[in-house]
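For reference, the structure is listed below as structure tokens.
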Amino acid sequence: MEQTFVMIKPDGVQRGLVGEIIGRFEKKGFYLKGLKMVNVERSFAEKHYADLSAKPFFAGLVEYIISGPVVAMVWEGKSVVLTGRKIIGATNPADSAPGTIRGDLAIEIGRNVIHGSDSIEGARKEIALWFPEGIVEWQNSLHPWIYE
Ligand code: UDP
Ligand code: MG
């Protein structure tokens, strides 16, 4: 089944939003397949956001991501990449709909509490980057109650 990479950014950790964010993905019916807290090194943050290296906000973005521990996760489920992005909301919290994580829990684009992969290929790359050790194999016993 499809997997995506989700990261709770340093502001989300500091603000005590880890449980709230995990709860939203869990309650939707997605399966948690990887989870760890990490202090990200500058070079690793630059690699994760390499596609944005030419952007004017890149330096500030890297500073933000290395400013404290983050929570890295792999979530699995049907269309989890696209649906995960919908749960997260628009990049700028000012444009994120109420009911989304950023719409409900954030104000500014540079403090938008969460990252989610934007494509299946991006998710594959990000999961490989963040979880080189692999992830735990387990099957949710509620599967037939979530999927028809
Ligand atoms: N960002 C920013 N200023 C901008 C655009 C993006 O600070 O003008 C930050 C923001 O935290 C965002 C991250 O850079 O989440 C990555 O940008 P991207 O366009 O990939 O947005 P996302 O995929 O996170 O919605
Ligand atoms: Mg992105």
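The values are calculated or read from the model by the stated rules, or taken from the named source; none is laboratory data. Keep in mind that what you see is a predicted model, and the values were worked out from it rather than measured. All Cβ positions, glycine included, derive from the backbone under ideal geometry; neighbour counts span all protein chains shown. In case anyone asks, the SASA skips ligands and DNA or RNA and just uses the protein heavy atoms, side chains included. Shrake-Rupley method; radii C 1.70, N 1.55, O 1.52, S 1.80 Å.
Grab the Cα-Cα distance for Ala128 and Ser67, subtract it from 0.36 nm times how many residues apart they are, and report the gain in nm with one decimal.
19.7 nm
Can you give the Kirkwood hydrodynamic radius of segment 77-148 from its Cα pairs, in Å with one decimal?
The Cα-based Kirkwood calculation yields 14.0 Å.
Taking only C-alpha pairs under 8 Å that are 6+ residues apart, what is the relative contact order of segment 8-73 in percent? Walk me through the numbers on the way to the answer.
On the way: 63 pairs, mean separation 36.3, N = 66.
With pairs under 8 Å counted, the relative contact order is 55 percent.
With springs only between Cα atoms under 10 Å, which of Ala45, Ala72, Ala59 fluctuates most in a Gaussian network model of the chain?
Residue with maximal mean-square fluctuation among Ala45, Ala72, Ala59: Ala59.
Let me know the whole percent of all Cα-Cα pairs from the chain that are separated by more than 21 Å.
42
Tell me the per residue accessible area of the chain using a 1.4 Å probe; a whole number in Å² is fine.
Numbers: 8210 Å² over 148 residues.
Roughly 55 Å² per residue, with all protein chains present.
Bin all alpha-carbon pair distances of segment 1-88 at 5 Å intervals from 0 and give each bin's fraction as a whole percent.
Percent of pairs per bin, in order: 3, 14, 23, 21, 20, 14, 5, 0.
Order the peptides 98-104, 14-20 from the highest to the lowest mean number of other Cβ atoms within 10 Å of their residues.
On the way: 98-104: 16.9, 14-20: 13.6.
Averaged packing, sorted descending, gives the order 98-104, 14-20.
Explain nothing, just the number: dipole magnitude of segment 36-148 about its Cα centre with +1 on each Lys and Arg Cβ and -1 on each Asp and Glu Cβ, in debye rounded to the nearest 20.
That gives segment 36-148 a dipole magnitude of about 100 debye.
Rounded to the nearest 500, what is the 222 nm mean residue ellipticity of the chain from helices alone, with -39500 (n - 2.57) per DSSP H run of 4+ residues and division by all residues?
Here the helix-only value at 222 nm equals -10500 deg cm²/dmol.
Out of the total accessible area of the chain (probe 1.4 Å, heavy atoms of protein only), what percent is carbon and sulfur?
55
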